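In what follows, a single structure is set out as structure tokens and then discussed.
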Amino acid sequence: MTLQAPGFWPPTGPEIVFLLLGVVALGSALLVVTTRQLVHAALWLVVCFGALAGGYLVLTAEFVAWVQVLIYVGAVVVLLLFGIMLTRAPIGRSADLDSGNRWAAALVALATAAVLVTVVVSGFRTAYAPLDPGQGAAKPLGSSIFRTWVLPFEALSVLLLAALVGAIVLSRTDIQGRK
Amino acid sequence: MNNPGPTLSDFGHDPLWISIIKAVAIFVFLMLGVLFGVWTERKLISRMQHRYGPNRAGKFGLLQSVADGLKMGLKEDLMPRTVDKVIYFLAPVVIAVPAFLAFSVIPFGPMVWMFGHKTPLQLTDLPVAVLLVLATASIGVYGIVLAGWGSRSPYAILGGLRSSAQVVSYEIAMGLSFVAVFLKAGTLSTSEIVAKQAGGGTWDIFGMHIPTPSWYVFSLIPSFLIYAVTMLGETNRVPFDLPEGEGELVGGFHTEYSSSLKFAMFMLAEYVNVFTVSAMAITLFLGGWRAPWPISLWDGANTGWWPMLWFFAKLALAFAFFVWVRASLPRVRYDQLMAFGWKVLIPLNLGWILLAATLQALRLPESNRNGILAFGAVVVIAGLGIWLRFDTVNQRRREARAAEVEEEFEQLREEPAAGGFPVPPLDLPHYHGVVPSARAPKEEVTSGSN
């Protein structure tokens, strides 16, 4: 991290691609919350996740990129669509998709984005990592997760397990509550 | 004799025109494969059922698929009036494109000379190539789900629903069955996994050196068996072809794509997916392009262009397995399918991964064998204890259930119409002959409501 960060101008090829992917991700994310068609919102979410995966690829994090496609595009949104289709599958515009507290939600989202951007910019303004291929393969990632970051990883696993158990308890009707 | 083949560092040096030649060759191979694969399947299954199969178009009916393709291209392209037009059009594309993409990381052979360049017989390779295949497979599901939803027909939407649930659950089992291969090979790149299957170790017993087979199908047989089941589920083939089950859902997700090239795209994608999962089985478990045992004694077997022949022979055998299964097995019921995926395949897989990882750890030179063995013994005894506990509970439940069923039969004997079987609500509002314009314009049509 002692490398001198190159200037922002002129932008290099990867930087331009990364910015374009960011624009796609942001635009499709906006469409997710503004479109009037429920299923189209889920599909715009797919585009957003795809653009994120492309961003990871540009940063040479190929393992994360393909896992992003596999988990988020391939499983999470499919489950969302499954839920939508199982409960209601409207074709065309739905009138009741607007929520009363959309301005509050927009405010919270903007505030969160502002906090994140401030933290990243102030923390990593001068940090510069060269984009060498092979950094994001399975091996370096695995050894950093299971050596350096093993405690947060395990804590997250326990959290997910608790969520899983909670979901099962909520969905099973044959478990009696306390009388 | 043991030519280990290309490694990751051999990729990325091709000039562009060689890459284009390889990509076009793969595309042509897959298209011809589909044309003659359909013919092979129909011919083979006919022979298994004591009939002739297609024998009119061309010699042995070889041109039957060409005739079918021409027919579909010339038929009227129907667009049902109420479909979501963009999605209805997009679905066949979304299902067909990823099917072809996955083949870019399948190794067909070792390094060869191609027009003065030494290049591997594989379009490209990544350090995480196997993940790419899984990811493209998971994108292909969208084609089925969107076709089911966009057609706006109850049969199609039921097919789409079944498919999304089925593919997501079988994909988990499929990914888990790769884990043991990754553990043993130590890499996720397809060319290196093939290279690791080049030479097996020897098994020293009583002073004899018995060479162990090097293909992972022998050392990781549980993974291979689970993969063989999940590849049927992942490609929606018999006995897991519930998304299109013609006996109950007309055509399932492609009911409304009754004619035209869009239907041809679905067929194309199905067969290319079958080839992809077969090629993955060959690459990960069956030694890739390496020659099978008696041929591998010949020194030149794994050099030059010969390996393409072995690869093609293995692919043909794997495809014949799909046909054989289709001719032999009836379709499973939907709840059986889900129970099998979640309650049998995934737990078995997890247990086998634990065992395989333990065996792998025992082989490390610096491992503490006694510690691992003692810990393993504790785990096995605890597992047995838990199993015994639940077995008695399950036994009690089974008996109670049997008594219940007996009681129900008793009742049905008295009044046959009581109870009955649950049927899906097929009388959706837009199937009552209500013309859309006659309805209120903003009315929402939901699935599953009456």
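The values are calculated or read from the model by the stated rules, or taken from the named source; none is laboratory data. Owing to the predicted nature of the structure, the values given are computational and were not obtained by experimental measurement. Positions of Cβ are backbone-derived with ideal geometry, glycine not excepted, and every protein chain shown enters the neighbour counts. To get the accessible areas, we keep the full protein, side chains included, count just its heavy atoms, and leave off ligands, DNA and RNA. Shrake-Rupley method; radii C 1.70, N 1.55, O 1.52, S 1.80 Å.
Summary of values
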read-out	value
Selected residue (only one of B:A357, B:A339, B:A382 is over 28 Å from B:F218 (Cα atoms) and small (G, A, S))	B:A382
Residue that is farthest from B:S163 (Cα to Cα) [pool: residues in the stretch B:56-113 that are of a type in the set (A, V, I, L, M) and in a loop (DSSP other than H, G, I, E, B)]	B:A57
Leading residue by the ranking (farthest from B:V94 (Cα to Cα)) among those in the stretch A:73-132 that are within 14 Å of chain B (Cβ to nearest Cβ), open to solvent by less than 60 Å² (accessible area, probe 1.4 Å) and not in a helix (DSSP H, G or I)	A:S94
Total residues in the stretch B:125-136, condition more than 7 Å from chain A (Cβ to nearest Cβ), assigned to a helix (DSSP H, G or I) and not small (G, A, S)	3
Hits in the stretch B:107-124 (condition: open to solvent by less than 10 Å² (accessible area, probe 1.4 Å) and either facing chain A (nearest Cβ under 10 Å) or at pLDDT below 85 (or both))	B:G109, B:P110, B:V112, B:T119, B:P120, B:Q122
Residue satisfying all of: in the stretch A:133-150; in a helix (DSSP H, G or I) and within 14 Å of chain B (Cβ to nearest Cβ); most open to solvent (accessible area, probe 1.4 Å) among these	A:K139
Helices (runs of 4 or more DSSP H) lying entirely in the stretch B:146-237 (those with 3 or more residues that are hydroxyl-bearing (S, T, Y) and modelled with pLDDT under 80)	none
Within the stretch B:175-192, tally of residues that are open to solvent by 10 Å² or more (accessible area, probe 1.4 Å) and more than 10 Å from chain A (Cβ to nearest Cβ)	5
Whichever residue in the stretch A:44-72 is within 12 Å of the chain's Cα centre (by Cα) and in contact (Cβ under 8 Å) with a residue 60 or more places away in the chain and, among such residues, is farthest from the other protein chains (Cβ to nearest Cβ)	A:Y56
B:I139 under 18 Å from B:D241 (Cα atoms), assigned to a helix (DSSP H, G or I), of a type outside the set (S, T, N, Q) and within 11 Å of chain A (Cβ to nearest Cβ)	no
Any hit, the stretch A:140-157, residues being within 16 Å of A:E62 (Cβ to Cβ), out of contact with any helix residue (DSSP H, G or I) (no Cβ under 7 Å at 6 or more places or on another chain) and not hydroxyl-bearing (S, T, Y)	yes
Matching residues in the stretch B:299-312 - criterion: being open to solvent by 50 Å² or more (accessible area, probe 1.4 Å) and not acidic (D, E)	B:T303, B:W305, B:W306, B:M308, B:L309, B:F312
Residues of the stretch B:161-197 satisfying the condition of being touching a residue at least 60 places away in the same chain (Cβ under 8 Å) and within 18 Å of A:A137 (Cα to Cα)	B:F178, B:V179, B:V181, B:L183, B:K184, B:T187, B:L188, B:S189, B:T190, B:S191, B:E192, B:I193
Filter pass, B:T446 being within 14 Å of chain A (Cβ to nearest Cβ) and modelled with pLDDT under 90	yes
Residue that is farthest from the chain's Cα centre (by Cα) [pool: residues in the stretch B:305-359 that are in contact (Cβ under 8 Å) with a residue 60 or more places away in the chain and not in a helix (DSSP H, G or I)]	B:W305
Residue in the stretch B:19-29 that is surrounded by 14 or more Cβ atoms within 10 Å (Cβ to Cβ), touching a residue at least 12 places away in the same chain (Cβ under 8 Å), touching an Asp or Glu at 6+ places or on another chain (Cβ under 8 Å) and among the hydroxyl-bearing types (S, T, Y) present	no
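Results for (1) closer than 30 Å to B:L126 by Cβ; (2) of a type in the set (V, I, T); (3) in contact with a Gly (Cβ under 7 Å, 6 or more places away or on another chain), shown as yes or no for each residue.
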{"position": "A:G74", "(1), (2), (3)": "yes, no, no"}
{"position": "A:V77", "(1), (2), (3)": "yes, yes, no"}
{"position": "A:T87", "(1), (2), (3)": "no, yes, no"}
{"position": "A:L97", "(1), (2), (3)": "no, no, no"}
{"position": "A:Q135", "(1), (2), (3)": "yes, no, no"}
{"position": "A:I145", "(1), (2), (3)": "yes, yes, no"}
{"position": "A:L160", "(1), (2), (3)": "yes, no, no"}
{"position": "A:A163", "(1), (2), (3)": "no, no, no"}
